[in-house]
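Following: one structure in structure tokens, then a few remarks.
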Amino acid sequence: MKLCRQHLIVAVALAIAALGANPALAADRIRIAAQKTGTLAWELAVIKAHGLDAKAGLDLVITELAAPEAGKIALKGGAADIIVSDFLWVARERALGGRLAFYPYGGTLGAVMVPLASPAQSLADLKGRKLGIAGGPIDKSWLMLQALSRRSGLDLKTAATPAYGAPPLLSEKLVQGELDGVLTYWNFAAVLETKGHRRLIEMSDVQASLGAKGKVSILGFAFDSQWAEKNRTTIDRFLATSQQAKHLLAGSAGEWQRLASRIGTSDPALLETYRKRYAEGVPSRPLDAEIADARALYRAIAEVGGTDLVGPARELDPAIFYRPAQGS
């Protein structure tokens, strides 16, 4: 009996030692739904490659999806803990009785791209032009562009001829001369840059004209606020880990070369353009500054998009923003 008891003590000690030697066994689990071709997927690949999740005591269970809408369904259906979405959607869900929270993810924005030889020099020069719009009629950048044009007495929605479509298709039509310009996402704008097109209008400049004091992270991590309250240390560690990955991506050309197959290009010049543009949007401002600018943009976008876009909330409620513990 004594021998058996000694064996039991040794077995328990070995089990405890094994747990200490392998933090992943005791790691806190987070289920993340990420668009397969989006920057979150790239960021998560960097986190995994450097073992940042294990170092933070996190077990990240990643599901890659084909479209952002699938992530929203996964989050609302309880199949995911965190996704990346915009504060407009989070605010709308909250206004309709949901309990989502938002934390800034990134502020890299797209641009209106035109051929190098285009005579267009300003927003007013888009009048009478055929303009491709990535993301559809309620795309956030398109709504901001309309809001700005209205302030100068130009209704861009009717003054120009919008053509909605997928970013790759719109880029192809611009290159072929079927469109006069394209309002597109930052990564597709980067590709067009390398093909000899130029930026007519930077969306960061549009944000500033609408009252923002800095680059606003329209995209953010979205998650259930009650889940966050129960798992504050877990989510705070995840947010810190995400920021580490962002700084690695912003500062290292090697990280982009490693991601080349996932991104879909091995062109060093394009990868470097990606890196520079991505770095411009890495959040670095105090949360209160983000909130103030987000509220200013929300008013401008809500004015154009109306209740179909934002629901009953005409003002952005600051309470949707999650605040990590001090020092996290």
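Overview of values
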| item | result |
| --- | --- |
| Cross-chain or 6+ apart pairs with Cβ under 6 Å, the stretch 92-112 first and of a type in the set (Val, Ile, Thr), then part of a helix (DSSP H, G or I) | 108/186; 108/277; 108/278; 108/280 |
| Enumeration of residues in the stretch 157-201 that are buried (at least 16 other Cβ atoms within 10 Å of the Cβ) and among the aromatic types (Phe, Trp, Tyr) | 185, 186, 188 |
| Scope the stretch 254-313; condition modelled with pLDDT under 90, closer than 24 Å to residue 188 by Cβ and among the small types (Gly, Ala, Ser); matching residues | 305 |
| Cβ pairs under 6 Å, 6+ apart, first in the stretch 169-196 and free of Cβ contacts under 8 Å to residues at least 24 places away in the same chain, second charged (D, E, K, R) | none |
| The listed residue being farther than 20 Å from residue 211 by Cα and aliphatic (A, V, I, L, M), out of 301, 263, 291 | 263 |
| Residues within the stretch 88-138 that are within 28 Å of residue 325 (Cβ to Cβ) and assigned to a loop (DSSP other than H, G, I, E, B), tallied | 5 |
| Some residue of the stretch 91-105 being at negative phi, within 13 Å of the chain's Cα centre (by Cα) and either modelled with pLDDT under 95 or of a type in the set (Ser, Thr, Tyr) (or both) | yes |
| Among the residues listed as 78, 98, 136, the single one being over 25 Å from residue 241 (Cβ atoms), surrounded by fewer than 23 Cβ atoms within 10 Å (Cβ to Cβ) and out of contact with any strand residue (DSSP E or B) (no Cβ under 8 Å at 6 or more places or on another chain) | 98 |
| Cβ pairs under 6 Å, 6+ apart, first in the stretch 46-64 and among the charged types (D, E, K, R), second part of a strand (DSSP E or B) | 53/60; 59/29; 64/34 |
| Of all residues making up the stretch 192-205, the number that are β-branched (Val, Ile, Thr) and either at pLDDT 95 or above or in contact with a Pro (Cβ under 9 Å, 6 or more places away or on another chain) (or both) | 1 |
| Considering residues of the stretch 202-227 that are aliphatic (A, V, I, L, M) and crowded, with 22+ Cβ neighbours inside 10 Å only, the residue nearest to residue 325 (Cα to Cα) | 222 |
| Candidates 180, 224, 205 - the one that is of a type in the set (D, E, K, R), within 24 Å of residue 298 (Cα to Cα) and not assigned by TED's automatic domain parsing to the domain that holds residue 87 | 205 |
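The values are calculated or read from the model by the stated rules, or taken from the named source; none is laboratory data. Note that the coordinates shown come from a computational prediction; the quantities given were computed from them, not determined experimentally. In this analysis, Cβ positions are derived from the backbone assuming ideal geometry, glycine residues included, and neighbour counts consider all displayed protein chains.
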